[in-house]
Each structure stands twice: as structure tokens, then as C-alpha cells.
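Okay, so here's the structure we're looking at.
Please treat every number below as a calculation from the coordinates, not as lab data. A quick note: this is a predicted structure, and the numbers were derived from the prediction, not measured. Counting neighbours? That spans all protein chains shown, and the Cβs are built from the backbone with ideal geometry, glycine included.
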Amino acid sequence: MTNPPTSPEIVLRTAMPGPRRGCANCAPAQQEDLHTVVENLARKYTELADVLAGYMSQAGLERSARTANAVELTAELARITGGHPTSAGTYPDCVLVGRQAANGTQRWFCSGALVHPRVVLTAGHCQTPAAGINLVALNALDIGQLENAEVIGVRRVRVNPSYPQVIGNDITVLVLREESTVPPVPIVTAEELAAVTQTTLVGFGNSDLLSTKGFGTQREVTVDITNLRRSATDDLDLAEQSLGFESDREFTAGGGGFDSCNGDSGGPAYVAVDGVRKLAGLTSRATEGFTHPCGDGGIYTRVDTQRSFIDEVLSEVGIAL
């Protein structure tokens, strides 16, 4: 899926100050008010104006040098979106999460990952009284083109009971009403995760630094994992305090314009293990101290640390991973 999130053209994430990969398509009462929207747009155009002013200030440079600098400025603008739309069939297990009203109207607001033909994982903050998750769409690339997607109802929704009181448990288990035909993604082990340095973020969230547009298209971006407890002796106290995460149950990744964003909440953070794509994390929120809503780095719930909760929920309906 850039700042809950979210989030990478995508800066991918739930990129809000709190649950970052928050709902990009939530009810009007949950949306930013008009003042905030205008403020965000004003800031964006100010940044564009700064870039243009920088280019104009180089009028005295030799043409080739000025052209080269202009290319760098253009690349900087492009880079704040961070990633690109995915191709058909690449991540069919990255799902849209939403709600269907009694009148049949569908509203999508989060992302998720299929880990069993009947089980989807998403963020804890995606399930709210107003949202009320009851629908997912698999093998989808865009909310405007769901003709070939697999849309399945949700039978059971279980948020980790310690969320949000205990940091690091931002996860919801969705049990589907019927099996999906999409192959699920396996969950990485702690040992496998300790050996990787990068993660690929995927989601349907907003795609710009200020989180003002782009929701509904599946995008991806590969970023560095910036903070991860690889062994019990790792000292991550300073990073935890400055970024606002719990290293026993979360890791941080991305930044510099490459990130997840609003609407990517619950979306997968994949890693490659011996050539096999596995699920390492779920988009949770932005790191503390961010400058922009998206792009400054995000926090991801470690799925391997949630196995006991996941297994408990699934045992209630006779499912085993």
C-alpha cells in the first residue's frame, strides 16, 4: 500500500496519526473536515511552487546542467507517491475490506490478506461500529472494476481483545462465509522474518504524500525494514520511544516518500523467503513525528506474534492454519 498505513504511486498506508492506514472511504462524519482538506491541498501546492521556484532560480546555469537538475526535481515529485499499480494476478490474496448495506450498496475502506481459503486478516482499527465489516473482495485491482473479482461475505469478525489497550495488537480476524478460490499467502515465521531486510507493501489506499487521492487501486512498493527485533538481545528502546511502536509485536518500514497510506490499513507487508512470498505484517499506522500524512514511514503488526490469537479464533469454527 504513505503516513494511520498505506499508506506507496502509492505511498501506501493507513497513514493517519493514529491508526494510520485508516479509512479512506469512511462515512462523512469520519472524514477530514473541509478546513483540513483545503489546508492539505494548500500545502501540496506550496511544495509544487517551491519546486518551480527552485527551477527558475537556476536560469543562469548552462542549459544541460539546468536540464539535469530539472529531471532530479521531477523525480523528487514522482517519488513522493512511492510505488506503482500492481499487475493482474500478482497479489490476488491482497483483499479489499468493506461493508455492504441492506440496499446492496458497497463501501470499501480497508485492505487485508487472505491466509486461508476462509480467513482474512486486517487491522483492528478497521472494525468500528460505523464501519461494520461484512464483505471482502479478492483478486481485485480496482474498486471500479470488480466484475472479475471474488466478492464474499464475512461470517465472523474478531478484533484482538487487547486492542487498542495494548500496543502492537492492531489485528482483526475475518472468517468468510464460503471458501475463496484464491490461493492464500503463508505466514512467515519469526526465524524467517529475522533474516530479511526488505518488505513489499500492498494495498488499496491513497497514493500521494498528503493522502488526498488514489483510494481503490491496488498498488505496491518495496521498502527497507527500518526497525525489527531479530533477537531477544536487540536493544530498540530508543527507536520505540521516538517512533511509537512496540518491537515485540511490531516493526517499522519505509520512509523518504515510500510508504503506505490511508486505506492501506490491514494490508499485507510481504517478504520473500527462499523465493516464496509470505505475510510478515499488516499495515497499522504512521510512525510518530511524521511531517506528512503519508511517506514518512509506517508501523506494521507482526503476524507471527499473533498466531495464538488467530488460532484461537479459528478453532472456534473448526479451521486450522
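What to note about this one:
- With an a/c value of 1.5 or above and a/b larger than b/c for the gyration tensor axes a ≥ b ≥ c computed over the alpha-carbon atoms, the range 103-238 is described as prolate.
- Derived scalar couplings ³J(HN,Hα) [the range 92-103; Karplus, 6.51 cos²θ - 1.76 cosθ + 1.60; whole Hz; x for Gly, Pro]: x, 7, 7, 10, 7, 10, x, 9, 10, 6, 4, 7
- Under 5 Å, built H, 5+ apart or other chain: amide partners of Val119: Leu176
- In units of the compact-protein estimate 2.2 N^0.38 Å, the range 94-176 shows a Cα radius of gyration of 1.06.
- Cα centre as origin, Lys/Arg/Asp/Glu Cβ charges: the range 94-176 dipole, Debye: 320 debye
- For Ile187, nonlocal amide neighbours, meaning residues 5 or more places apart or on other chains whose placed amide H falls under 5 Å from its own, are Leu279.
- Euclidean distance between Cα centres, the range 156-200 to the range 219-276, Å: 14 Å
- Taking label points 7 Å from Cα along the Cα-to-Cβ direction, Asp311 and Thr128 give a separation of 3.4 nm.
- Cα-centred dipole magnitude for the range 169-321, charges only on beta-carbon of K, R (+1) and D, E (-1), debye, nearest 20: 440 debye
- Phi-derived couplings, Karplus 6.51 cos²θ - 1.76 cosθ + 1.60 at θ = phi - 60°, listed residue by residue for the range 249-254: 10, 9, 9, 10, 7, x Hz, with x used for Gly and Pro.
- Estimated inter-spin distance, Asp142 and Glu62, nm [label 7 Å along Cα→Cβ]: 4.5 nm
- Of Leu138, Cys110, Gln100, farthest towards positive along the dipole that unit charges on Lys, Arg, Asp, Glu beta carbons give the range 94-176: Gln100
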